[in-house]
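S.K.: Here's a structure for you.
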Amino acid sequence: MKRLLGTTLCVTMLMGLLGGCSSKGKDTETGTTKGNSQTTSSQANQESSSKEVVTLNVLTTKISSNVTDYPDTPVTKALADAIGVKINIIEADTDKYNVYMASGEGFDLILTPTNNFNQLIEGNIVTPLDDLLGKYGKDITYNISDTVAFSKSSWSNETGKLYFLPCQIGVDSQGIYQGMGPLTRWDYYKELGYPEINNLDDWLNMLATMQKAHPKTNDGLPVYGVSMFADWGVWGYKYPLACYYGYNELSGSQTGLYKPSTMEYSNLFEENGLFWKSIEYYFKANQLGILDPDAFISKFDDFTAKATNEQLLTGPATWAMGEFNSKHSEEAVGFQVIPTNWAYQWGGTNYKAGWVDKCFGISSKCKNPEKAMEYLNYIYSYEGCRQLYSGVAGKDYTVSDGKPTLTQASIDLYLKGGEEWKVSGLGFDRNIVGLGSYTINPADGKTLDLFVDPSIYSQMLTKCQKDFSDYYKVNYPDEIFKQYREKYNVKDQSNTDAFTIALVSPASDEIARKEASLVEAAISAASKIILASNEEEYNALKQQTMEEFNNIGLKDVIDWYSKEWNAATEKAKQFK
């Protein structure tokens, strides 16, 4: 807790604002789930202490959850009816999150990365779950027994007790389409004659051609080939090109990365690392005259607004492109990832240890720990996850001969998207669900999330996705990416060893400080390098920045994580 002691004064000042702990009011192998559970969430909760609805405050960092904006939907009402729980998401920035953690007040459940585990346990901020598990966690015990054992062994600060449960246990597939990678306007790509893209230079030149052909929207707004947003720190120099080059983020590290295809550690700021690949990309975009001049001051909401308003030609992922696709779902217009034989593909990881940057713990000051455990049990049960992902039986989907099928109204809502989709509560926030949406319910052989059931993909296509599929002669967009994996040996993230990722130790105080300084220096230098007038100035600024990185201690950070990575790799062998 020593890193948090400095927040004591802040805690005292903010305690009045925090409120009380709680208020009343694909035959997919998951790797950690069992195949034939004999329990359901309703059976497991017969020992519920009360049928009265209790509001549970869930502390998390920014996840842009629909549950925050739409807390009262038919799906959340079904959750309340099933176990007497209503969820209130507290999305805090880093400073406020640390204040909450230091006090332990104001939240019932915490969603946290692994690097906070030890301080939460040592500070008695979270409570052991073992006794609660025995009474209120039958589905957890049966469905994710391997994960429970792993958590006790590796995430308990050597106590051997259960403190944390990760969300999204299971295989992370892509579903109907790829959401990350070379993303652009399909209608404009078609207009250009489906040009072959062999590298990022070709990609940037294509975007420049698009921008020249469409310099303004129908409303007279300027169009930009490339943009970004600055309010997520170094995110814009990490994730937009991570998929292209085959990287993923090392949870709990500000600068750590790894390559799923080879399971090798990398650092964001190393020579020719992902940061520099991203900087070069933005520099070239600026040289071509297609970089948004507001890229360094835009917030995420500004970015999505521009995407919705047809001002952007590419972005980091479909989910970042605002409401553009849903607004044009009735047209052959929309953002699609273009298949290539050189860019890596996202997805495919078997998260046997779940998403380790989002693990649940119960506050030691929670006034209703039994209800908190009932909620956790619900989100690790097949019945509960089916309801959260797919809606209410009889309304959003029907069951015939034991097989669930989405109603046409639900499919229409999915295709339409926008406000109506969000108000419906369908497509519940994956960040706060225990089992992955592609997990198979052994009772009926269908995915828990019926919207990712391959048998209905033909009914789920937007006009743009159908046009895309027709061109590539596939049934749905993701099929062409599978063909590229087979034909061109394009790699995705299926080679990831999830236990290695989960076992990398959190940074020491010294390393964390150096990482923070590296991030600060990188953000400070980035715009100057990108806006350099020519390659000579670019190279000089890059060399100057690398010298600054080295003076801060980049080598110390790389060496420390390399050692921890190797240790985690060795330790993970016992869980295979």
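The values are calculated or read from the model by the stated rules, or taken from the named source; none is laboratory data. Because the structure is a prediction, the values reported are computed rather than measured. Note: ideal-geometry Cβ built from the backbone for every residue, glycine included; neighbour counts use all protein chains shown. The area values use the complete protein model at the heavy-atom level, side chains included, leaving out ligands, DNA and RNA. Shrake-Rupley method; radii C 1.70, N 1.55, O 1.52, S 1.80 Å.
S.K.: Taking 25 Å as R0, compute the FRET efficiency from the Cβ-Cβ separation of residue 482 and residue 245 and round it to 0.05.
M.R.: 0.75
S.K.: In addition: What is the packing order of peptides 569-576, 351-358, 79-86, 453-460, taking the mean over residues of other C-beta atoms within 10 Å and listing the highest first?
M.R.: 351-358, 79-86, 453-460, 569-576
S.K.: To the nearest 10 square angstrom, how much accessible area does residue 228 have with a 1.4 angstrom probe?
M.R.: Accessible area, nearest 10 Å²: 10 Å².
S.K.: I would also like to ask the following. Just one of (i) 0.97; (ii) 0.92; (iii) 1.03 is Cα Rg over 2.2 N^0.38 Å calculated from these coordinates, so which is it?
M.R.: (i)
S.K.: Okay, moving on. Express in Å², to the nearest 10, the accessible area of residue 196 obtained by rolling a 1.4 Å probe over the protein heavy atoms while all chains stay in place.
M.R.: Residue 196 exposes around 140 Å² with every protein chain in place.
S.K.: How many nm is it between the label spots at residue 52 and residue 471, if each spot is 7 Å from the Cα in line with the beta carbon?
M.R.: So the two model labels end up 6.0 nm from each other.
S.K.: Any idea of the accessible area per residue across the chain, 1.4 Å probe, to the nearest Å²?
M.R.: Averaged over the residues of the chain, the accessible area is 42 Å².
S.K.: Now for a separate question. Calculated from DSSP H runs of 4 or more alone, at -39500 (n - 2.57) each and per residue, what is the 222 nm mean residue ellipticity of the chain, nearest 500?
M.R.: The helix-only estimate for the chain comes to -12000 deg cm²/dmol at 222 nm.
S.K.: How much FRET efficiency would the formula 1/(1 + (r/R0)^6) give for residue 62 and residue 217, where r is the Cβ-Cβ distance and R0 is 25 Å, rounded to 0.05?
M.R.: 0.30
S.K.: Taking 31 Å as the cut-off for C-alpha to C-alpha distance, list the pairs among 277/299; 152/395; 62/365; 473/576; 352/491 that go past it.
M.R.: Long pairs (Cα-Cα over 31 Å): 152/395; 473/576.
S.K.: Counting alpha carbon pairs within less than 8 Å and at least 6 residues apart, what relative contact order, in whole percent, applies to region 125-226?
M.R.: 15
S.K.: Something else about it: Starting from the Cα-Cα distance between residue 81 and residue 319, subtract it from 0.36 nm times their residue separation and give me the gain in nm to one decimal.
M.R.: That pair, residue 81 and residue 319, stretches by 82.6 nm at full extension.
S.K.: Ignoring ligands, DNA and RNA, please state the percent of accessible area on region 69-180 from carbon and sulfur, probe 1.4 Å. Each step should come with its number before you reach the end.
M.R.: Working: 1640 of 3880 Å².
With neighbouring chains kept in place, the figure for region 69-180 is 42 percent.
S.K.: Round to the nearest 0.05 the FRET efficiency obtained for residue 263 and residue 342 when R0 = 22 Å and r is the Cβ-Cβ distance.
M.R.: 0.60
S.K.: Mind putting a number on the dipole of the chain about its Cα centre? Charges go on the C-beta only, +1 for Lys and Arg and -1 for Asp and Glu, and I need it in Debye to the nearest 20.
M.R.: 940
S.K.: Over region 241-352, with every protein chain in place, what whole percent of the accessible area is carbon and sulfur at 1.4 Å, could you tell me?
M.R.: Whole-percent figure for carbon plus sulfur exposure: 45.
S.K.: As a test question: what accessible area, to the nearest 10 Å², does residue 167 have when a 1.4 Å probe is rolled over all protein chains in place?
M.R.: Result for residue 167: roughly 0 Å² accessible.
S.K.: Follow-up question, since we're still on this one. If I model a spin label at residue 305 and residue 94 as a point 7 Å from the Cα along the Cα→Cβ vector, what separation in nanometres do I get?
M.R.: 2.5
S.K.: On a full-extension model of 0.36 nm per residue, what is the gain between residue 416 and residue 495, subtracting their alpha-carbon distance, rounded to one decimal in nm?
M.R.: 24.9 nm
S.K.: For region 426-491, with all protein chains present and a 1.4 Å probe, just round the carbon and sulfur fraction of the accessible area to a whole percent.
M.R.: With neighbouring chains kept in place, the figure for region 426-491 is 43 percent.
S.K.: Moving on. Under a crude label model (7 Å from the Cα following the beta-carbon direction), how far is residue 149 from residue 331 in nanometres?
M.R.: Between residue 149 and residue 331, the simple spin-label model gives 5.6 nm.
S.K.: To the nearest 20 debye, what is the magnitude of the charge dipole of region 420-576 about its Cα centre, counting +1 on the Cβ of each Lys and Arg and -1 on the Cβ of each Asp and Glu? Can you show the working numbers first?
M.R.: Numbers: 19 positive and 25 negative charges, 113 e Å.
The calculated dipole for region 420-576 is roughly 540 debye.
S.K.: OK, next. Going by a ≥ b ≥ c, the root eigenvalues of the Cα gyration tensor, does region 443-576 fall in the rounded group (a/c under 1.5), the prolate group (a/b larger than b/c) or the oblate group? Please report the intermediate quantities before stating the final value.
M.R.: Details: a/c = 2.94, a/b = 1.52, b/c = 1.93.
Note, shape of region 443-576 comes out oblate.
S.K.: Stretched out fully, how many nm does the piece from residue 555 to residue 364 gain, at 0.36 nm a residue minus the Cα gap?
M.R.: This chain segment gains 64.8 nm when fully extended.
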